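The values are calculated or read from the model by the stated rules, or taken from the named source; none is laboratory data. This structure is a prediction, so every number in the text was calculated from the model and none was measured. Here the Cβ positions follow ideal geometry from the backbone for every residue, glycine too, while neighbour counts run over all protein chains shown. All accessible areas refer to the heavy atoms of the entire protein, side chains included, with ligands and DNA or RNA removed. Shrake-Rupley method; radii C 1.70, N 1.55, O 1.52, S 1.80 Å.
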Amino acid sequence: MSKATFPKDFLWGGATAAYQCEGAWKEDGKGFAVTDLLTAGTREIPRIFTPEEKENTYYPAKQAIDHYHHYKEDIALFAEMGFKVYRMSISWVRIFPNGDDEIPNQKGLEFYHKIFQECKKYGIEPLVTISHHDVPLALALKQDGWLSRKTISAFVNYCETIFKEYKDEVKYWIVFNEINMMTSYFGDIYTGGILSNGTTHLDIAHASEEALSADKMKKRFKALHHQFVACAKVVEIGHKINEQFKIGSMVAADAHYPYSCNPVNVIAAQKSMRRIWYCADVMVRGEYSYVADSYLKDQGICLTDLDITVEDKAILQAGTIDFLALSYYTSGCHAVDEVHETTAGNFSLGVANPYLKKSDWGWVFDPQGLRWMLNELYGRYNIPLFIAENGLGAVDEISEDGKIHDPYRMQYLDNHVSAMREALEDGVNLMGYTWWGPIDLISASTGEMKKRYGFIYVDRDNEGNGSLKRIRKDSFYRYQEIIKTNGACVK
Ligand code: BG6
């Protein structure tokens, strides 16, 4: 039997997020997002949130990689790799500095027009994430961000504004980045529910030890419910503004395996998948499914705690998404019969897999897990899938020849492209693939520059020093070849 190939119109590209690359954090009328005010950390040191800018403190988002002023150069480099799509996010606070202002900030609107024009110049399709972690600080301070229903209307207004503004330039949208992260240790920061939760840091080192009161979990899940309602409203409104719009939303979908065939571990792994199903069920099927009850019960809460109204239910039904976007980086195992060494990821993933190697940040390499996950998602939802993030954060060194040789990244890329092709052979409907951080940018979990994902190196260090010069890594040419051959060059 001949091998499946990638569809002719497969959307190859890369993904970034505003606060991790743009910089220019106070320029042209932009307000602060909560994520702007996170200090730099490491794998061991938490990032601290400060409700206002502190003197003599380094905030990585302040300048990031200065994409705001380098966007032409950056998009030209993406075009040189052959990108068909560029996934980027609009910063809510560039458009509405306080989140709920009456009038949008023209300079903010203009900036994204410039980005889309630049993409068009090279035939690159923009894919816009509407909310990538960056809830407006003003809304967090005033009303605990997504904990308040008032944030739903502010967000809907923001979406309506950008849908109308860019309706002829953008076709593909992702409403929320990794919406299921709201229930993880990132949740208090990403929902802006910081003040009521008393959380002031983002502590990846202790994520797996995190034990929260039912009251705190209730707040996270309530904020998440408000995001579901907002997502559904926005899908409906977007389709009215332009019926050609393809509007998706996204889950972090790392793979979960039982550590052994001991049935208690199999059940534990199955249960851990609820962190994906809980969210995707609502966005794809328009209602909370049976897994919601047991998932919430395990957090000490129940669905009635979330104050879901009859009107909410109708909204969820009316605004289901057109495609499901996912991020996939790694996998973890589940064991409840014995204690084992743990593993890391953008979620805390449980037990390390003895068959797999790890990155410097402890994320295991598992391309087969991508094939497995695509099949799980497609089998359950039967709507098109889009891999909106996948990538390897690693330490890169500039060699004596002035180049960056990154065979480890090329290997990671090849293996995941190969797994995607296998998933296509399995019959999965996959629209596209955007590598996370095609250009080095700020790490979300640690705030480091040292954790580099890019095919393009940016001369900048963890303290914010460096010329910001862009250098093509070896992987740049590999991705270029993969796109040029539509994946055929990968074994
Ligand atoms: C995803 C986020 O969780 O993982 C990105 O959507 C993030 O914003 C990416 O950057 C990689 O995580 P990290 O912590 O290595 O930057």
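A few notes on this one:
- In region 432-491, the residues that are among the small types (Gly, Ala, Ser) and part of a strand (DSSP E or B): Gly432
- Across region 1-30, the qualifying residues are those that are aliphatic (A, V, I, L, M) and away from the ligand (no atom under 16 Å from the Cβ), and the one among them that is nearest to Glu389 (Cα to Cα) is Leu11.
- Of the residues examined, Ile152 is not one that is in contact with a Phe, Trp or Tyr (Cβ under 9 Å, 6 or more places away or on another chain), among the hydrophobic types (A, V, I, L, M, F, W, C), farther than 27 Å from Gly198 by Cβ and buried (at least 16 other Cβ atoms within 10 Å of the Cβ).
- Checking each residue in region 355-373 for being away from the ligand (no atom under 16 Å from the Cβ) and outside any loop (DSSP other than H, G, I, E, B) picks out Pro367, Gln368, Arg371, Trp372.
- Glu236 being among the acidic types (Asp, Glu), part of a loop (DSSP other than H, G, I, E, B) and at pLDDT 95 or above: no
- Within region 262-277, the residues that satisfy the criterion of being part of a helix (DSSP H, G or I) and not polar (S, T, N, Q) are Pro263, Val264, Val266, Ile267, Ala268, Ala269, Lys271, Arg274, Arg275, Ile276, Trp277.
- Looking across region 374-402, the residues that are in contact with a helix residue (DSSP H, G or I) (Cβ under 7 Å, 6 or more places away or on another chain), in a loop (DSSP other than H, G, I, E, B) and not β-branched (Val, Ile, Thr) come down to Asn390, Leu392.
- Set Met250, Met273: member being closer than 25 Å to Phe49 by Cβ and touching a residue at least 12 places away in the same chain (Cβ under 8 Å): Met250
- Pick from region 248-261, criterion under 24 Å from Ala232 (Cα atoms) and part of a strand (DSSP E or B), ranking: nearest to the ligand (Cβ to nearest atom): Ala252
- Single condition Trp435 does not satisfy, out of (1) on the phi > 0 side of the Ramachandran plot; (2) open to solvent by less than 30 Å² (accessible area, probe 1.4 Å): (1)
- Looking only at region 170-195, and only at residues there that are in contact with a Lys or Arg (Cβ under 7 Å, 6 or more places away or on another chain) and in a loop (DSSP other than H, G, I, E, B), the one that is farthest from the ligand (Cβ to nearest atom): Lys171
Conditions tested, residue by residue: (1) under 26 Å from Thr129 (Cα atoms); (2) open to solvent by less than 50 Å² (accessible area, probe 1.4 Å); (3) of a type in the set (S, T, N, Q); (4) within 14 Å of the ligand (Cβ to nearest atom).
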site: Asn375; (1), (2), (3), (4): yes, no, yes, no
site: Glu389; (1), (2), (3), (4): yes, yes, no, yes
site: Glu397; (1), (2), (3), (4): no, no, no, no
site: Lys403; (1), (2), (3), (4): no, no, no, no
site: Met420; (1), (2), (3), (4): yes, yes, no, no
site: Asp426; (1), (2), (3), (4): no, no, no, no
site: Ile442; (1), (2), (3), (4): yes, yes, no, yes
site: Gly447; (1), (2), (3), (4): yes, yes, no, yes
site: Arg452; (1), (2), (3), (4): yes, yes, no, yes
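- Condition met for His225 (buried (at least 16 other Cβ atoms within 10 Å of the Cβ) and free of Cβ contacts under 8 Å to residues at least 12 places away in the same chain): no
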